[in-house]
Amino acid sequence: MARRSSLFSWYARMQRELAPAQAARVRAEADAQREAEHAHAAYLRAGAPADWPKRTVPANRVTDVAVMNADLEAVVKALEGILAAALKAGVLVSFSSLKKPASLPVWRPPELEPAQLPRLLELDMPTHSTYLSRLSEKYEQAEAARRAKYEQVLSEHRVREEQRSGALAGTRAEWQAAVNAGEIDTFEADYRRGDLDAIVSYCSLVLELSRYPDGFPQGYKLAYVPESRQAVVEYELPTAEVVPTVKAYRYVKASGTIAESARPQSQIKALYALTVAQIAIRTLYELFRSDHGGHIETVVFNGVVDTYDPGSGRRIRPCLVTVRTTRESFSELDLSRIEPLACLKYLSAGVSKSPTELLPVRPVLEFSMVDPRFVAETDALSQLDQRPNLMDLSFLEFEALIQNLFIKMGLEARQTRPSRDGGVDCVAWDPRPIFGGKVVIQAKRYKNTVGVSSVRDLFGTLQNEGASKGILVTTSGYGQASFDFAKNKPIELIDGSNLLYLLAEHTGIEAKIVPPDDWKDPVADAPEPHT
């Protein structure tokens, strides 16, 4: 597993460098074109009158302003087109492509090509008068300085290229050895049969290969819950600094300077909110689209920002967007026509009211509660044995725990009758005016996925009791049909991961859920259909 992860990490890194390298080459060609234009201008200036600097400098400044404004526009368009870029990108990962080691094109910027220097030095200079000869002498000095700079840059470039080529050859050989050993075939076989580690590695590769504009961190944590066929992603969002604070540049003729106009705060906030929304939808799209094995029915996305509290200076990771959706619900969207923020509202996502001010929302599912094996930044494994196992509690202990949880959350919970499925059924009251009322709660200690029949039963009980809300709690998870049935109904589904989070948040109990090997669910639900 460690070797596989290392190889795929290298592969993803190399692939992600392709686009920046190609973009750099385009920029270099543009720079070379400007250099050629400057050289041609120098040729013409050799025979120009004494006042040519006064006439040409403003023209150069105007050109600089045009280039700077074009760069600003490109940044804004890239931010506005984050989702559209993914829709055009095509398939990010295929097992056949994995068998071909990534190879970066040799990047030799045109302005560094040896053939260009002679063209600059072999310009036919006109016959000069005494005054023009002095201009020519200055020109020759400038050309000598340019020649020296060129040689230095070319030398540094050659050293970097040799180092890169050597590193690339070594990693390519390592990759080829892995291919020859059949590791890619083994990986594909593991993925097809639903191996947990292979699914996580594959989905991680999908996220690694997703190309975003410069300045995006693209850090993430990913876990997969096979019981509910659910992928959970905690994705690191860029800060609002990715939005240009300058709206436009302009040349001030009177002072000969370049001035800038600030982008209104309303535009910065709107563009950043749009950026955050697009990242969330794009990640959902990429995971569902790349799920060639049909392993993912539900995706949970939590978008966080790794930054510092401006007041305390402490490191914080506020969640700015959180959403859980099923494949069926997401497939109904026409992503080429949606408005990202409206789409998140349609998906019942939680979105920060002010992302630029880092106002957080509560995640629909805390990543740290999903599976401690995939949480790199915590020492959850060392504390596992100290946590009470909910599956080891007696029926009465589990009942008391659930009742205590909802009392701590502000409800007035009362037991109604013993549960037939090893859980607890109770009717509670939410004392809040307007939003409160009668609440029906059912809990199930299950190892396997809770079937949609249990959600339907809860809805029937809710209607019979005249309750305003129904809550179903389980130690396992739910399938797509359950989420579909609960959508737009006053029903809340709390899975095992959320149950652990709520216990820690409201009761201080750090628990775990580990069913014994001989565990049998009290009532076997029909398996969820796999689409």
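What is the magnitude of the charge dipole of the range 214-277 about its Cα centre, with +1 placed on the Cβ of each Lys and Arg, -1 on the Cβ of each Asp and Glu, and no other charges, expressed in debye to the nearest 20?
Values: 7 positive and 6 negative charges, 85 e Å.
Here the range 214-277 has a charge dipole of around 400 debye.
Here the Karplus relation 6.51 cos²θ - 1.76 cosθ + 1.60, evaluated at θ = phi - 60°, turns the backbone of the range 206-216 into coupling constants of 4, 5, 5, 7, 6, 9, 10, x, 4, x, 8 Hz, with x for every Gly and Pro. For a straight C-alpha distance cut-off of 26 angstrom, the lysines reachable from Lys345 (same-chain residues fewer than eight places away being disregarded) are Lys77, Lys88, Lys221, Lys269, Lys353, Lys469, Lys487, Lys489.
Every pair of different Cα atoms in the range 207-337 enters the Kirkwood calculation, which places the hydrodynamic radius at 17.2 Å. Heavy-atom accessible surface of Arg61, to the nearest 10 Å², is about 90 Å², with a 1.4 Å probe and all protein chains retained. Distance between the modelled labels on Glu140 and Arg456, one decimal in nanometres: 9.5 nm (7 Å Cα→Cβ projection).
The values are calculated or read from the model by the stated rules, or taken from the named source; none is laboratory data. Here the structure is a predicted model, which is why all the values come from computation and not from measurement. Cβ sites come from the backbone with ideal geometry, for glycine too, and all protein chains shown count toward neighbours. Please note that ligands, DNA and RNA were not included when accessible areas were found on the heavy atoms of the full protein model with its side chains. Shrake-Rupley method; radii C 1.70, N 1.55, O 1.52, S 1.80 Å.
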